[in-house]
1. Which residues, taken from the stretch 325-376, are of a type in the set (Val, Ile, Thr) and under 24 Å from GLY307 (Cα atoms)?
2. Have a look at VAL424, VAL445 and point out the one that is out of contact with any Gly (no Cβ under 6 Å at 6 or more places or on another chain) and modelled with pLDDT of 95 or more.
3. Can you find, within the stretch 403-428, the residue that is nearest to LEU513 (Cα to Cα) among those that are in a loop (DSSP other than H, G, I, E, B) and among the small types (Gly, Ala, Ser)?
4. Is the stretch 374-388 home to any residue that is part of a strand (DSSP E or B), in the same structural domain as GLN337 (by TED's automatic domain parsing) and either surrounded by fewer than 16 Cβ atoms within 10 Å (Cβ to Cβ) or in contact (Cβ under 8 Å) with a residue 40 or more places away in the chain (or both)?
5. Among the listed residues ALA438, ALA499, ALA514, identify the single one that is at pLDDT 90 or above and surrounded by fewer than 20 Cβ atoms within 10 Å (Cβ to Cβ).
6. Could you tell me whether any residue of the stretch 223-237 is modelled with pLDDT of 85 or more, under 30 Å from SER121 (Cβ atoms), surrounded by 15 or more Cβ atoms within 10 Å (Cβ to Cβ) and of a type in the set (D, E, K, R)?
7. All but one of (1) among the aromatic types (Phe, Trp, Tyr); (2) under 21 Å from TYR93 (Cα atoms); (3) at pLDDT below 80 hold for TYR66, so report the exception by its number.
8. Would you confirm, using the coordinates I've provided, whether PHE108 is under 21 Å from ARG140 (Cα atoms), buried (at least 18 other Cβ atoms within 10 Å of the Cβ) and in the same structural domain as VAL136 (by TED's automatic domain parsing)?
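The values are calculated or read from the model by the stated rules, or taken from the named source; none is laboratory data. Computed from a predicted model, the values in this text were never measured in an experiment. With ideal geometry, Cβ positions are generated from the backbone for all residues, glycine too; neighbour counts draw on all protein chains shown.
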Amino acid sequence: MAHDGARRGGAPTTAGGDDGTVTAVVRALLSAVPASCTWLQPLTGEDGRVDDFLIAAIGGRGDDLYGRGVDRIGERVGELYPSMVGGPLWLLYFQVLDTGVPAELPDFRYAEQRAGIVADSLFEVSVQPALGGLLVWWQRTDEARRRLERTELLGSLGWAEYDLITGRSEWSPGMFRIFERDPALGPMSRAEQSAALFADDRGISETAWQTMDSGAASDVTVRVRTGDAVKYLRILSDVARDADGSPLKVYAVVQDVTAREDTRTAMERLSDQLRTREMTALAEHRLAAQLQTMIQPVPPEPFDLAGLQAVVSYLPAERAVRVGGDWYHAQTLPDGQVALAVGDVAGHGMDAANGMAHLRFSLVAWLSIGIRDPGALLGHMNLLCLQLGITGTAVIGVYDPAARTLSWARAGHMPPLLARGGAVSELDRPAGLLLGAAGDTVYPVLAPTLQDDDLVLFYTDGLVERRSTDTDVLLDQVKQTLAEVSADPDRQSLDRLRALLHHPSPDDDTCTLAVRVRS
């Protein structure tokens, strides 16, 4: 099967010792390497110049796009892959062979116009000189990029691939955790997955396939049984096709959203209770407060974020019937930045708490898919408020601990307060109409730089608004408190600040989120 040099006027050569022995050793070594790599030997033509390369050895995971493995040993690259001849990788082979200097091709695109093969594939290719030939390492990147980067770091996430031609499945570790399955058993078969699916949800699964057949991505939520538990899984899936449009693979990202669905169920149950004739204003207050606690539990102690220390305070209104829609969010994101936000949905009781839940869960979702611009996040939130028929205010910040910058924007909300060395000021106030007022609103972003031990306070209007006292007077009192705490900063600064600001409003809930820049 091998092509010897006599066919083309020259034989491949290797450095040092008997060629057959060296080749055998290299083949044995590469066959044990769990990677996609090949050892190529140069072939010379009648003019003595290299005009092709012989595949002399293949790595343990060396199957190519066509499913060909070790049977390619002894074949010529130019004959197996004619479209490569004269292309960037082909030229790189000659460059490394000529200079002896390793090189890489980070974005090598291999195009194929053949049915049954993915039309466009992207690779990172590393070429090393080795024993008179070339050692070529292949890393496919287009499939990896289909998986959301670092999705499993967000929690309760996993990815799966299903080959429609071979029937083989590949799961990430997150999938095995979601399905509580031993990885040694391998991915579940389609029959096992179908058995785990609730019978009433199989129609949803069929709808997902029809959506993908139409060329669109599918986004559905279904119920599955894992042991004695019932889980809600959100499944986002799409299809890779060949040049003729025939489906080849299904890619899916799966998220366990059981907690969110349980919260929705609780919300519906509490709403039903509120509709009964026996429900009083006091009961509404207790149920709405219970809902707020489920959606956004308040940490009892200060907690660390990337480059920051944070503390949250949530004080219900003193008057029982005045439960509001105040909310907060504080999270270190997978890329190392920190999301900070507070907001207030207009109104009181269950309607406000329900609106608050929509906004906070949506913010978490937008952050999880990589949206980091505070103005863009407020723009999405504004459109959601218009759809829900609610209004509210919010301020969103994204802190970069490496640059010490706080990018932030506001929608009808009070700007955060910055305390530094005993001096306090509002951050410069950008424009920003309240949420749900107009569909074409733009939210400008400012990005001040922070310093060690700076204190930044995000708050809702319950902190500074009272019917009996002027807002400016209360705001000045808050600034004085911040100034006193920031004049003598330490790790207990946030504890002291929360204690000093612990004054509930008689008319409205109060939510505060304070952060200290760690040195």
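1. Result: THR332, VAL338, VAL342, VAL364, ILE369, ILE371.
2. Only one candidate qualifies: VAL424.
3. So, considering only residues that are in a loop (DSSP other than H, G, I, E, B) and among the small types (Gly, Ala, Ser), the one nearest to LEU513 (Cα to Cα) is GLY412.
4. Step one: list which residues in the stretch 374-388 are part of a strand (DSSP E or B), which gives none.
Within the stretch 374-388 (the criterion being part of a strand (DSSP E or B), in the same structural domain as GLN337 (by TED's automatic domain parsing) and either surrounded by fewer than 16 Cβ atoms within 10 Å (Cβ to Cβ) or in contact (Cβ under 8 Å) with a residue 40 or more places away in the chain (or both)), the answer is no, since none of the residues qualifies.
5. Working: ALA499 fails: at pLDDT 90 or above; ALA514 fails: surrounded by fewer than 20 Cβ atoms within 10 Å (Cβ to Cβ).
Only one candidate passes the filter, namely ALA438.
6. Yes, the stretch 223-237 has at least one match.
7. Status for TYR66: all satisfied but (2).
8. yes
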